[in-house]
Structure formats: structure tokens, C-alpha cells
1. Out of the residues in segment 146-175 that are among the acidic types (Asp, Glu) and surrounded by 12 or more Cβ atoms within 10 Å (Cβ to Cβ), which is farthest from the chain's Cα centre (by Cα)?
2. Pick from segment 62-82 the residues that are in contact with a helix residue (DSSP H, G or I) (Cβ under 8 Å, 6 or more places away or on another chain) and modelled with pLDDT of 95 or more: which of them is surrounded by the fewest Cβ atoms within 10 Å (Cβ to Cβ)?
3. Go through (1) under 22 Å from Val50 (Cα atoms); (2) in contact with a Lys or Arg (Cβ under 6 Å, 6 or more places away or on another chain) one by one and return the number of the condition Glu182 breaks.
4. Of all residues in segment 151-174 being out of contact with any Phe, Trp or Tyr (no Cβ under 9 Å at 6 or more places or on another chain) and small (Gly, Ala, Ser), which is nearest to Val50 (Cα to Cα)?
5. State whether the residues of segment 52-59 include one that is under 19 Å from Thr186 (Cβ atoms), loosely packed, with under 14 Cβ neighbours inside 10 Å and modelled with pLDDT under 95.
6. If Gln184 passes every condition in (1) farther than 25 Å from Thr89 by Cα; (2) surrounded by 14 or more Cβ atoms within 10 Å (Cβ to Cβ); (3) of a type outside the set (Phe, Trp, Tyr) but one, which one does it miss?
7. Return yes when Tyr29 is over 19 Å from Leu119 (Cα atoms) and crowded, with 18+ Cβ neighbours inside 10 Å and no when it is not.
Amino acid sequence: MKKYLAFLVLFLCIFDSNAFASKEKMKTYFNSKGFITQLYELGIYWDRKVLSLQQDCTGKYSVFPLSMGFVEPMEFNSDSIYPTQGVWTTRFKFDRCNESIVYNAIFMAQKGKKPKIGLLVPGNTRTSPQLMRDLYSQGVILVTEIKRKNKECKEIRVLNTEVTKEPFSLKSDGKTFHGAWEEQWTVKNCDEIIEMTFCFIPTDDGGTNWSSGKCK
């Protein structure tokens, strides 16, 4: 397992600087063996239990943290390396047996103990955890049901997400929407691989509207 320390920290939500613990405590935690080990264990779980990848890999595994996003500010005390409060997302690259994949997870502080982890969809999606959940339940499942050939299959697993069109200005119905983008989601439905495209348009109130297909 390899630790990569020079990673980029991205803030998905901006908070007052006083809400964050000292930079040194955050740096210590994100560079700690405990944090990297959790990412490593999560990568193994994703591979072998969720996506059925690299079942026979016996080579070296490497973990490369890529970015963080803060949903709720982190707080620390002096007694533990782990945060006492906070919710944050982590994106990391997982290398094994000459293949790489990008995984995403959401962490929830447990009062100074090892944080709990929730799985997010793999890949480079720009969507927030809330938007991921809404898109999966209202979009991915519906598109899969329409496109799939095996109507008896109940398995729907997101294998990858990719930004296919970076943020741009979209003109529609006489209006200009700034920051729109497109993504392609790859879904496994039993033995069938289904590709689907989604358009995302930020709203004035800070939310995001989405639709199936390319932006028009």
C-alpha cells in the first residue's frame, strides 16, 4: 500500500475559517496511516464485494487521495487524531494489477473515533452526494429499465462516471445558464453494460437541475 501525500484539497462548500480546526490537525489526519488504511480497505471492498473487479489480483495495491469536499466542517480535540465532528467526501485513485479506478466515499466523524464511511458512485462525477442520490433513484434506475434487454434483472450497479463536457454557458429558451455540464454514467445490469448521458444545469438558488440526454 502506497501513501501519496501531495494531494489537492477541493472545497465543495465554503465555511467561515473559524469553523475549521487548525490546518495542522487536518493535515495530520489526512496524512495519517489510519486515514490511508480506511481508503485501502474501502478500495478492496469496492473491488471484491460491490463491483466484482480484480478478484484474482495478488499484486501491489496503491492508494492516491485526489480531493476532499466538506459537507459539514471538521472539528478536533487534543485527545485523538480523528475528528470529533464533520462530514466530508474523499475521492481517491486505486491502483492494482496494472489497472486504476477512481472511487468516492463520504466520511462521518464519530466523536474522535474512526469515522464511518458511506459509498458514493465511482468515477469523476461533479455531482454532490445529494445530487448523486437523487439522480440514481430518479434517473439511473429509470433509464436502465428503459434500455435493458433483460427485464427480469434487478441488479443496477454504477461502474463509472465521467464528465464528458466541462462547465459551459448554455442558451435555452432565450436564457443563458452558466456552469452547465454533461456526464456519462456506465451501469451494469446483470451481464449487460448500459451507457447513459445526463445534463446538469445549476439554478439561481444554489441547486442543480438535471435531465437525461445531452444538454440542449
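1. The extreme case among them is Glu155.
2. Residue satisfying both the conditions and the ranking: Pro65.
3. Among (1) under 22 Å from Val50 (Cα atoms); (2) in contact with a Lys or Arg (Cβ under 6 Å, 6 or more places away or on another chain), Glu182 violates only (1).
4. Among those that are out of contact with any Phe, Trp or Tyr (no Cβ under 9 Å at 6 or more places or on another chain) and small (Gly, Ala, Ser), it is Ser172.
5. Within segment 52-59, one or more residues are under 19 Å from Thr186 (Cβ atoms), loosely packed, with under 14 Cβ neighbours inside 10 Å and modelled with pLDDT under 95.
6. The failed condition is (1).
7. Considered against the rule, which asks whether it is over 19 Å from Leu119 (Cα atoms) and crowded, with 18+ Cβ neighbours inside 10 Å, Tyr29 comes out as yes.
For every residue, the table says whether it meets (1) in a strand (DSSP E or B); (2) at pLDDT 95 or above; (3) crowded, with 20+ Cβ neighbours inside 10 Å.
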site	(1), (2), (3)
Ser100	yes, yes, no
Tyr103	yes, yes, yes
Ile106	yes, yes, no
Ala109	yes, yes, yes
Lys116	yes, yes, no
Gly123	no, yes, yes
Arg126	no, yes, no
Asp134	no, yes, no
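The values are calculated or read from the model by the stated rules, or taken from the named source; none is laboratory data. In this text, all values refer to a predicted model and were calculated from it rather than measured experimentally. As a convention, Cβ positions derive from the backbone with ideal geometry for all residues, glycine included, and neighbour counts pool all protein chains shown.
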